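Taking it in order: structure first as structure tokens, then the write-up.
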Amino acid sequence: MRTIHTKDIVDAVAGMCVKANTELPDDVRAAFEKAMAEETSPAAKEVLRQLLENADISADTKLPLCQDCGLAVYFVEVGDEVQIEGGNLRDAINEGTRKGYGEGFLRKSACDPFSRQNTGDGTPAIIHFDFVPGDKLKIVYMAKGGGSENMSRVTMLAPAQGWEGIKQFVINRVAEAGPNPCPPTIIGIGIGGTFDHAAKIAKKSLMRRLDDTHPDPDIAAKEAELKEAINKLGIGPMGLGGKTTVLDVKMTVEPCHLASLPLAVNVQCHSQRHEEVEL
Amino acid sequence: MAEYKLTTPLTDEDVVQLKAGDVVFLTGKIYSARDAAHKKLVDLLDAGKDLPFDLEGASIYYVGPSPAPPGRPIGAAGPTTSYRMDSYAPRLHSLGLKATIGKGKRNEETRKAMQDHKAVYFGATGGAGALLSNSIKKSEVIAFDELGPEAIREMTVEDFPLLVINDAHGNELYAVPDRKAAGIE
Ligand code: SF4
């Protein structure tokens, strides 16, 4: 057994929250630069120019990239030879979130659904745990903004609708969302599992780096097919028209019930703030 | 597409000259308000009470800024999605509100209210919160402090970079999605 103290978890989590919100990840910057080179419309170029300048200002001033510092979402892989000392893992992640959002002057955006009263400290975080072999603890963080999350949907297709039905639903979702989720977006797709699981794997898809390729060539081809079709919508950066409506499409596919074809479309804005640590 | 430098409060003449696609650099006082603050504003109107700021010629910025770090007037301050304020906007336009600033589409009722009352909808770049913060020189909470990031702030802006999305003549800038090209129609 390897022991990890909650104190180290709190500090690592707090550090990730601040870093992700103030330093545009290199894969996202590279995607902006590529889009900038491909766009021909002045309005589209100007939006991308502003986003790159925004990232520079953020890095300089430590102001968050976006004022919506999101709900804190974590995917945690706990090695089965890891023992947590000093308290509970969930509490430590929430404590790290509280610390990061407080010390980093990040906006706390969690509230009660009915009273709309802000919880005041950015918690509770949304935490997904998984248990894996080994003696490491891996925590992946994402700041998930509300504007793009609001454009996301889960649907239960009939198996007969197949890939064609999936494509129609996803492209239509992006078309309906239009300028609202701060395009160019990243589309996380979950196919399979149950109603809840499809949504979870759609979110997990968004944790991948923009420059990776799906290891399954068939799924990689489907991602590319969707990306190409969606970009033909011409919505463009901030909805002003252009070639870049999505920066990428990321898909996770898992087995489902004989009767079902669950599909979740999780929309992520260009402010793709993600970070990971391994302890 | 033209470029304008305008100063708040805005007049009918300021607004009617604008066309969708024009660039506007706005200077003066603007007021932040988003979901919860709008609900409270409308509750005040229903109760026949005064609002915390004068609506005549006013510009409302749909924003919930991040906390101001030491030495700065405000944190990151980019726009939030505007459709959530569509249920309130027509009433505010009828009472003199001249401009709203946000991102994303407005509904038909709001677009019509802009035409009826000579008002305009500006887009600011979503997710450019640090960049936009640089144009905000002063910020002070003037109402609903308990709402935290959603409180109403009087912000003094200088050359705040905006794009006319919906003008007072019924035009809209946003691209219409080409569903056919994308293979869904
Ligand atoms: S959708 Fe994303 S980039 Fe746009 S305002 Fe929300 S968090 Fe920021």
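Structure above, values below:
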| read-out | value |
| --- | --- |
| Sparsely packed GluC sites (Glu not before Pro) within the stretch B:35-139, loop by DSSP, other Cβ within 10 Å at most 12 | B:Glu56 |
| Karplus-derived 3J(HN,Hα), 6.51/-1.76/1.60, for each residue of the stretch A:131-144, Hz, glycine and proline x | 10, 10, x, x, 10, 10, 10, 10, 10, 10, 10, 9, 8, 9 |
| Sorted largest first, extent of the stretch B:27-163 alpha carbons per principal axis (Å) | 41, 31, 23 |
| Lys/Arg +1, Asp/Glu -1 at C-beta; the protein assembly as shown dipole; positive extreme among A:Pro179, B:Leu18, A:Val140 | B:Leu18 |
| Accessible surface ranking that places the most exposed of A:Leu258, A:Leu247 first, with a 1.4 angstrom probe | A:Leu258, A:Leu247 |
| Virtual spin-label span in nm between A:Ile126 and A:Val154, 7 Å along Cα→Cβ | 1.0 nm |
| Most positive-pole-ward Cα, A:Leu48, A:Gln272, A:Gly236, against dipole of the protein assembly as shown from beta carbon charges | A:Gly236 |
| Unit charges on C-beta of K, R, D, E only; dipole of the stretch A:147-271, Debye | 240 debye |
| Where the protein assembly as shown is the region considered: accessible area per residue in Å², 1.4 Å probe | 40 Å² |
| Trypsin sites (Lys or Arg not before Pro), loop per DSSP, at most 15 other Cβ atoms within 10 Å - longest free stretch of chain B | B:50-178 |
| Net dipole in debye of chain A [+1 Lys, Arg Cβ; -1 Asp, Glu Cβ; about Cα centre; nearest 20] | 720 debye |
| Solvent-accessible area lost in complex, 40 Å² minimum, residues of the stretch A:47-76 relative to chain alone, 1.4 Å | A:Gln50, A:Asn54, A:Ile57, A:Leu63, A:Gln67 |
| Too-long pairs where the Cα-Cα distance tops 28 Å, listed order kept, from A:Lys62/A:Lys108; A:Lys243/B:Lys39; A:Lys62/B:Lys118; A:Lys227/B:Lys105; A:Lys144/B:Lys103; B:Lys5/B:Lys39 | A:Lys243/B:Lys39; A:Lys62/B:Lys118; B:Lys5/B:Lys39 |
| Largest-first principal axis extents of the Cα set of the protein assembly as shown (Å) | 71, 52, 43 |
| Whole-number D in µm² s⁻¹ for the stretch B:98-175, Kirkwood Cα-pair radius fed into Stokes-Einstein, 4 °C, 1.567 mPa s | 93 µm²/s |
| B:Asp178 accessible area, assembled protein chains, probe 1.4 Å, Å² | 70 Å² |
| Partner chain coverage, peptide A:178-188 - average Cβ within 10 angstrom | 4 |
| Debye, to nearest 20: dipole size of chain B, +1 on Lys, Arg Cβ, -1 on Asp, Glu Cβ | 380 debye |
| Helix-only CD estimate at 222 nm, as mean residue ellipticity for the protein assembly as shown, using -39500 (n - 2.57) per DSSP H run (n ≥ 4) | -10000 deg cm²/dmol |
| Reachable lysines, given that their alpha-carbon falls under 16 Å from the alpha-carbon of B:Lys137 and they are not under 8 places away in the same chain | B:Lys29 |
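The values are calculated or read from the model by the stated rules, or taken from the named source; none is laboratory data. All values reported here derive from a predicted model rather than from experimental measurement. Don't worry about glycine lacking a Cβ; one is built from the backbone with ideal geometry, like all the others, and counts go over all protein chains shown. Note: accessible area is taken over every heavy atom of the protein model, side chains too, but ligands, DNA and RNA are not part of it. Shrake-Rupley method; radii C 1.70, N 1.55, O 1.52, S 1.80 Å.
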